[in-house]
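K.L.:
One structure follows; several queries about it will come next.
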Amino acid sequence: MSGDQLFSKILVPIDGSEPSFHAARIANKIAKKFNSEIIFLYVVVSPSKYEYANLTGLVTPKQIDMIIQNAKEEAKDWFKRIEDMVKKENPNIKLTTKVILTGIAVYGEIIQYAEKESIDLIVIGTRGRSGIKKLLLGSTASGVVTYSSCPVLVTR
């Protein structure tokens, strides 16, 4: 964190679930108060290597690009919904959307991204699309809270 600005970069993992959209609303309020940049991140878990393997059993860069393109298409409406909401309340905000493909746990990719980009705060929903209602915290949110080196705000 920079000395003059408490939260200059806020990361919000998005998965299309209502808790992730709620996290976006909360992050927007914080960003407005601190004049922060918000990065909305959709982490796609790499499917089984056999699903996209060619005849030689290899996953080619073209196939990886296809997975990422499909994920971007899936996330397009989510990002549009979030951008409209954020820009309506905070028109001058710096906003970035990003889709990343990972072969590791989603929370691990979120943490690596946060460290690489010097994120000051992660705002994440309690549960994502696969959340089990009985759990207080989903596995991704739990992993982010457990292993993140920056502050994490979990929203419900």
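K.L.:
Six or more apart or on different chains, Cβ atoms under 7 Å: show the pairs whose first residue is in the stretch 17-43 and farther than 21 Å from Glu115 by Cα and whose second is of a type in the set (Ser, Thr, Tyr) and surrounded by 15 or more Cβ atoms within 10 Å (Cβ to Cβ).
P.N.:
Listed by first residue and then by second, the contacts come to Pro19/Thr126; Pro19/Thr155; His22/Thr155; Ile26/Thr155.
K.L.:
Would you point out the residue of the stretch 57-76, among those that are free of Cβ contacts under 8 Å to residues at least 40 places away in the same chain and closer than 30 Å to Phe7 by Cβ, that is surrounded by the fewest Cβ atoms within 10 Å (Cβ to Cβ)?
P.N.:
Looking at the filtered set, the residue picked out is Lys76.
K.L.:
Quick one: which strands (runs of 3 or more DSSP E) sit completely within the stretch 30-128 and have at least 1 residues that are under 27 Å from Ser148 (Cβ atoms), β-branched (Val, Ile, Thr) and modelled with pLDDT under 95?
P.N.:
Ranges flagged: 37-45, 95-102.
The values are calculated or read from the model by the stated rules, or taken from the named source; none is laboratory data. Everything quoted here is computed from the prediction, not taken from an experiment. Ideal geometry is used to build each Cβ from the backbone, glycine not excepted, and the neighbour counts take in all protein chains shown.
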